[in-house]
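Colleague: Have a look at this one before I ask anything.
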Amino acid sequence: MDTGVTEQRTASGLATAPGPRHVAIIMDGNGRWARAKGLPRVAGHRAGTENLRNILRAARDFGVEIVTLYAFSTENWQRPRTEVRALLALMEHVIDAEINNLDAEGVQIRHIGRTDGVSSRLVAKIVRAQERTAHNSRLILNIAFNYGGRAEIVDAVRRIVAEGLQPEEISEESVSDRLSTAGLPDPDLVIRTGGDMRLSNFMIWQLSYAEFYCTPTFWPDFGREDLRQAIEAFRRRERRYGRIG
Ligand code: IPE
Ligand code: IPE
Ligand code: MG
């Protein structure tokens with residue numbers, strides 16, 4: 001069986017690769033990467049933004065259509081105030097520094113998560129980045145920022161109640177349609193760097209049948225070849241969805 005990750009594309013631009021279509025990444029290990037080098041944690045966060053360009057380009061070359069990145073969780077507010085402030089500042093910096101390139105590369109940016117607690121200046125930047133790239137279609141990039149899977153489900157339930165849906169109108173589809181990922185296929189593959197093996201409240205609805213790939217590599221060291229390995233591992237998996245193999 002050939003499981004090599006192909007970078008071939010057809011003339012139409014469609015990937016010839018057999019998936020994954022949607023890859024979600026828990027970008028973990030920035031702090032430990034920095035500590036191992038005797039640097040402050042924030043240096044790890046900064047380093048963690050420097051491979052984004054490469055990873056997104058590689059994902060597209062490997063035929064991935066949608067990438068969802070876990071950038072800041074609703075639980076991350078519990079970190080020391082200085083680290084939270086640094087993470088928020090970095091988010092602003094990354095938008096400013098990368099928006100031209102992302103737009104030129106045909107990336108459509110979407111924010112998933114809440115906006116409460118986030119400065120109006122940063123919210124405005126996020127909104128502008130979404131509007132500016134809304135017409136792009138080469139890669140969809142969901143940025144999970146101030147995101148929590150449970151909060152997302154709570155928000156969906158609130159919408160269902162506000163819309164006055166009847167009990168019999170509530171289905172997996174009607175819930176999915178009210179999540180921030182409405183209209184997108186669920187992730188096929190979730191990658192967690194940094195060695196831990198947990199979801200940390202990430203896409204708990206959408207990942208119900210995703211293949212899990214964990215690597216001890218810290219996020220700042222995770223590069224194109226690591227992504228290739230994760231995708232190759234995915235392609236060797238048998239997805240049974242409850243059926244027998
Ligand atoms: C991931 O790296 C980035 C965020 C959670 C924002 P960490 O900051 O969690 O790094 P470790 O896990 O402490 O090494
Ligand atoms: C998950 O990492 C959140 C992000 C990568 C943004 P954490 O470092 O916050 O997760 P825990 O606290 O180890 O579960
Ligand atoms: Mg961590």
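Colleague: Along Cα→Cβ, 7 Å out, is where each label goes; now give me the distance between the ones at GLU131 and ARG53 in nm to one decimal.
Modeller: Going by the 7 Å Cα→Cβ label model, 2.7 nm.
Colleague: Here is a follow-up. With +1 on each Lys and Arg Cβ and -1 on each Asp and Glu Cβ, how big is the dipole of the range 22-235 about its Cα centre, in debye rounded to the nearest 20?
Modeller: 1000
Colleague: Something else: Against the globular-protein guess of 2.2 N^0.38 Å, express the Cα radius of gyration of the range 151-245 as a ratio, rounded to two decimals.
Modeller: Working it through for the range 151-245, the quotient is 1.35.
Colleague: Can you tell me the relative contact order of the range 22-235? Whole percent, Cα pairs under 8 Å, sequence separation 6 or more.
Modeller: Over the range 22-235, the number comes to 30 percent.
Colleague: Skipping prolines and chain starts, which residues have an amide H placed within reach, meaning under 5 Å, of the one on GLY148, given they are 5 or more residues away or on another chain?
Modeller: Those lying under 5 Å, H to H, from GLY148 are THR74, ARG114.
Colleague: Which percent of the accessible area of the range 22-235 is formed by carbon and sulfur heavy atoms (probe 1.4 angstrom)?
Modeller: 50
Colleague: Any chance you could run the full-extension gain for ASP96 through ARG228? It's 0.36 nm times the residue separation minus the Cα-Cα distance, nm to one decimal.
Modeller: 44.7 nm
Colleague: Could I ask something else about it? Which one of ALA162, THR82, HIS135 has its Cα pushed farthest toward the positive end of the charge dipole of the range 61-182, where Lys and Arg give +1 and Asp and Glu give -1 at the Cβ?
Modeller: Farthest towards the positive end: THR82.
Colleague: If r is the Cβ-Cβ distance from VAL84 to ARG239 and R0 is 45 Å, what FRET efficiency results, to the nearest 0.05?
Modeller: 0.75
Colleague: Let me ask you something else. What are the radius of gyration and Dmax of the chain, computed over its Cα atoms and given in Å?
Modeller: According to the Cα coordinates of the chain, Rg and Dmax are 18.2, 57 Å.
Colleague: Going by amide H atoms built from the backbone, whose H comes under 5 Å of the H on THR68, apart from near neighbours?
Modeller: The list, which skips near neighbours in sequence, is VAL23, ALA24, ILE25, ASN142.
Colleague: At 1.4 Å probe size, with every protein chain present, just tell me what the per residue accessible area of the range 153-245 comes to in Å².
Modeller: Using a 1.4 Å probe on heavy atoms only, each residue of the range 153-245 averages 57 Å².
The values are calculated or read from the model by the stated rules, or taken from the named source; none is laboratory data. Computed from a prediction, not measured in an experiment: that's the story for all the values here. Counting neighbours? That spans all protein chains shown, and the Cβs are built from the backbone with ideal geometry, glycine included. Accessible surface is based on the protein model in full, side chains and every heavy atom, while ligands, DNA and RNA are left aside. Shrake-Rupley method; radii C 1.70, N 1.55, O 1.52, S 1.80 Å.
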